[in-house]
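Please read the structure below before turning to the comments.
Bear in mind that the values in this text are calculations on the coordinates, not laboratory data. Remember, it's a predicted structure, so these values are computed and weren't measured experimentally. Every residue, glycine as well, gets a Cβ built from its backbone with ideal geometry; the counts of neighbours run over all protein chains shown.
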Amino acid sequence: MTGTSAEVVLRSIRKSYGRQEVLSDVNVSIAGGELLAILGPSGCGKTTALRVMAGLERPDHGTVHIDGQDVTRHRIDKRGIGIVFQAYSLFPHQTAAENVAYGLRVRGASRSRRASRAAELLDLVGLADHGAKFPHQLSGGQQQRVALARAFAIEPRVLLLDEPLSALDAQVRVQLREEIRRVHYDMGTTTILVTHDQEEALSMADRVAVMRAGQVEQVGTPHEVYHRPATAFVSSFVGVVNRIPGRVTGTDQISVLSHLLAVSTAGRTRGEAVDVLVRPEHLRVRPSESDTGAGVGVVGTLTLRGAISSLAVYFRESQYTVRVDLPSREAQLFAAGDRVSVTAHADDALVDAPGARAFEPKTAADRRVAA
């Protein structure tokens, strides 16, 4: 590691454009050398938060600190920050090596220093043999690697990545995820990644900050955000979730799928309708000993997803469908039309106000499962 990493802290950041509040009291701390992903839907404020860190936007309220220093009013070139955007922004008339060395040239580094550093970084990103090529001679993934190397060339204390992979095809994105993570740990630079891609955030980051409507809903490790979501929004945005109707039957007790769950019912009254949010892989399914009943569902479609398969289980009396994910070998024990019992564990459930439907499909494949 280079030892150039720095702690970044956003304190009570607010930002509005006219009457539209884009950031509302955002507080985030990023440890030196950490890779934090800021995850959220379009328009949630994540890119604005990144631009505030960079100095491209000035907050209406709050402060930005880098290694304990208040840099809120510092220009971008005074913050020790490198940025990689979705658009590669390479100089078309310069070779890959010249693009990487550009920041060093601006800072007055010698020609030999620029050449050696460019060669070192191109090798680090797997482009050692492409230094003499111009951007139009490189693929999109290669151009983004050059942009990454150029950002690292100035030895930034903080690296900001704004949707750097969204313009690339799926296979290249997966390759560059691994490349960015490897380079991040080799360099030791504090890295903040903005993305709307949950898989990207969960696979790359040490911690994830989930944003919604200008606010941070949860900050935690990928495991915490996925398996222990703090809010219903985090549960539904990160991964697939079943929204299953239930009813409060007593203090800290809810009836769902004709079973009782011991979960917190604080602020709710006996008899109140609620939704219980459970991920598909946290549900358990087994053949039913009964052909009828409120807790008996019917297997509809089965979808192979590789190592796992999804069962769409339809409950006729309640007219809702849940998705159950299980190992594909186990899924072979079930067939369309089978009557099954589905259960959830209290530790895997999150209670929310009733929503529009039980299982909210997110992709075409999921819509077929829910059909």
For the chain, which span is the longest to avoid every loop-located (per DSSP) member of trypsin sites (Lys or Arg not before Pro) having at most 10 other Cβ atoms inside 10 Å? 76-371
Whole-Hz couplings from phi, Karplus 6.51/-1.76/1.60, listed for segment 225-235; x for Gly and Pro: 5, 7, 8, 10, x, 7, 9, 4, 4, 4, 4
Mind checking the full-extension length gain between residue 264 and residue 61? Use 0.36 nm per residue of separation minus the Cα-Cα distance, one decimal, nm. 69.4 nm
Mind telling me which of 222, 327, 41 comes out most flexible in a GNM of the chain, alpha-carbon contacts under 10 Å? 327
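Could you work out the longest stretch of the chain that avoids the GluC sites (Glu not before Pro) located in DSSP loops with at most 16 other Cβ atoms within 10 Å?
On the way: sites that count: 272, 289, 317.
The segment 1-271 is the longest one with no such site.
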Just for the chain, what percent of DSSP beta bridges are antiparallel, to the closest 5? 75 percent
What is the dipole size for the chain, taken about its Cα centre, with +1 at each Lys and Arg Cβ and -1 at each Asp and Glu Cβ, in debye to the nearest 20? 960 debye
Acute angle (nearest 10 degrees) that the helix 96-106 long axis makes with the longest principal axis of the chain, alpha-carbon atoms: 60 degrees
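If you average the sequence gap of Cα pairs under 8 Å that are 6 or more apart and divide by the length of segment 8-232, what percent do you get for the contact order?
On the way: 426 pairs, mean separation 64.6, N = 225.
Computed over segment 8-232, the figure is 29 percent.
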Could you state the number of Å between the C-alpha centres of segment 76-95 and segment 110-129? 16 Å
Distant-in-sequence amide H partners of residue 351 (H built 1.01 Å from N, under 5 Å): 277
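Helix-derived [θ] at 222 nm for the chain: sum -39500 (n - 2.57) over DSSP H runs of at least 4, divide by residue count, nearest 500? Don't skip to the answer; put the middle values down first.
Values: 10 runs with 96 residues, N = 371.
Helices in the chain give a 222 nm mean residue ellipticity of -7500 deg cm²/dmol.
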Once you've got the GNM for the chain with C-alpha springs shorter than 10 Å, pick whichever of 307, 205, 119 has the biggest mean-square fluctuation. 307
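Within the chain, how many Lys pairs sit with Cα atoms under 28 Å apart, leaving out pairs fewer than 8 places apart on the same chain? Intermediate results must be reported in sequence, preceding the final value.
Numbers: 15/46; 15/78; 46/78; 46/362.
Summing the qualifying lysine pairs gives 4.
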Per residue of segment 168-185, in order, report the coupling 6.51 cos²θ - 1.76 cosθ + 1.60 (Karplus, θ = phi - 60°) as ³J(HN,Hα) in whole Hz, putting x for Gly and Pro. 9, 6, 4, 5, 5, 4, 4, 4, 6, 4, 5, 5, 5, 5, 5, 5, 4, 6
Under the Karplus relation with 6.51, -1.76 and 1.60 and θ = phi - 60°, whole-Hz ³J(HN,Hα) for segment 195-208, x at Gly and Pro, equal 7, 9, 9, 4, 5, 4, 5, 5, 7, 9, 8, 6, 9, 10
If each part is reduced to its alpha-carbon centroid, segment 143-194 and segment 248-274 end up apart, in Å, by 46 Å
